[in-house]
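To keep things clear, I will list the structure first and then write my remarks on it.
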Amino acid sequence: MNFKHWIYIIFGLLFLSFTGIWTFRNFNFNSAFEIGQQIDELNGVYVYFNGGVGNVTERNTTSDGYNLGLKYQCVEFVKRYYYEYLKHKMPDSYGNAKDFFVKSLKDGQKNKQRDLIQYTNHSQTKPKVNDLIIFDGTIFNKYGHVAIISKVTHNEIEIIQQNPGPFEESRETFELEYKNDKWVINNDRVLGWLRKEK
């Protein structure tokens with residue numbers, strides 16, 4: 001084969017790869033639900049089905065113009081939960097999921113963009129119900145993920161989430177450990193958690 005044939009093959013493979021990734025991120029793998037259908041709730045705030053992770057429809061805003069995020073992404077749920085249940089508006093109402101965590105802050109410092117106290121994963125402060133938990137990005141999801149902590153025991157947390165991925169549920173649990181005088185959620189992607197001050 002000559003150079004021209006190799007170029008066609010390489011471009012063809014790149015096109016197929018891009019198409020496959022787009023289809024995987026946007027295809028509805030669970031035909032039991034329709035996009036926008038309620039699938040769970042916490043304290044009266046609903047979790048809606050989004051189909052594929054990359055499915056994006058319109059922006060959801062409140063009657064007073066506050067930006068909740070894109071329907072029905074993970075960010076939209078946590079911001080709607082904080083707005084409706086905790087009566088909290090974030091000063092910076094934009095940003096991807098992983099951007100909710102400011103890596104330059106120390107454990108227990110104020111995250112001014114979100115007007116919340118930020119705790120790192122390996123914190124002296126134990127996670128608690130209603131904390132917002134932030135996951136770092138991956139090779140398949142560079143935007144990261146956010147969820148709400150819905151239950152805490154001595155050795156486990158449960159989260160509730162919207163748009164976690166095609167094969168995951170709206171609820172998920174992770175092991176919680178207390179070691180070396182710090183609380184650790186045993187998941188390498190967890191950056192930390194944010195909490196509303198009383």
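Remarks
- For the stretch 61-81, a residue qualifies if it is closer than 13 Å to residue 162 by Cβ and of a type in the set (Ser, Thr, Tyr), and the qualifying residues are 72, 81.
- Residue that is nearest to residue 191 (Cα to Cα), among those in the stretch 83-106 that are in contact (Cβ under 8 Å) with a residue 12 or more places away in the chain and among the polar types (S, T, N, Q): 96
- Options 197, 168, 158, 175: the member that is closer than 17 Å to residue 43 by Cβ, charged (D, E, K, R) and out of contact with any helix residue (DSSP H, G or I) (no Cβ under 9 Å at 6 or more places or on another chain): 158
Conditions tested, residue by residue: (1) at pLDDT below 75; (2) over 18 Å from the mean Cα position of the chain (by Cα).
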{"position": "5", "(1), (2)": "yes, yes"}
{"position": "15", "(1), (2)": "yes, yes"}
{"position": "25", "(1), (2)": "yes, no"}
{"position": "40", "(1), (2)": "no, no"}
{"position": "51", "(1), (2)": "no, no"}
{"position": "54", "(1), (2)": "yes, no"}
{"position": "57", "(1), (2)": "no, no"}
{"position": "65", "(1), (2)": "no, yes"}
{"position": "73", "(1), (2)": "no, no"}
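- Of all residues making up the stretch 151-185, the number that are within 28 Å of residue 51 (Cα to Cα), polar (S, T, N, Q) and over 14 Å from the mean Cα position of the chain (by Cα): 1
- Selection of the stretch 164-181 for residues being closer than 29 Å to residue 38 by Cα and without any contact (Cβ under 8 Å) to a residue 40 or more places away in the chain yields 168, 169, 172, 173, 174, 175.
- Unique residue being closer than 18 Å to residue 119 by Cα and either in contact (Cβ under 8 Å) with a residue 24 or more places away in the chain or touching a Gly at 6+ places or on another chain (Cβ under 6 Å) (or both) when the list is 129, 184: 184
The values are calculated or read from the model by the stated rules, or taken from the named source; none is laboratory data. Bear in mind that the values here come from a model prediction, so they are computed numbers and not experimental data. Reconstructed Cβ throughout: ideal geometry from the backbone, glycine too, with neighbour counts over all protein chains shown.
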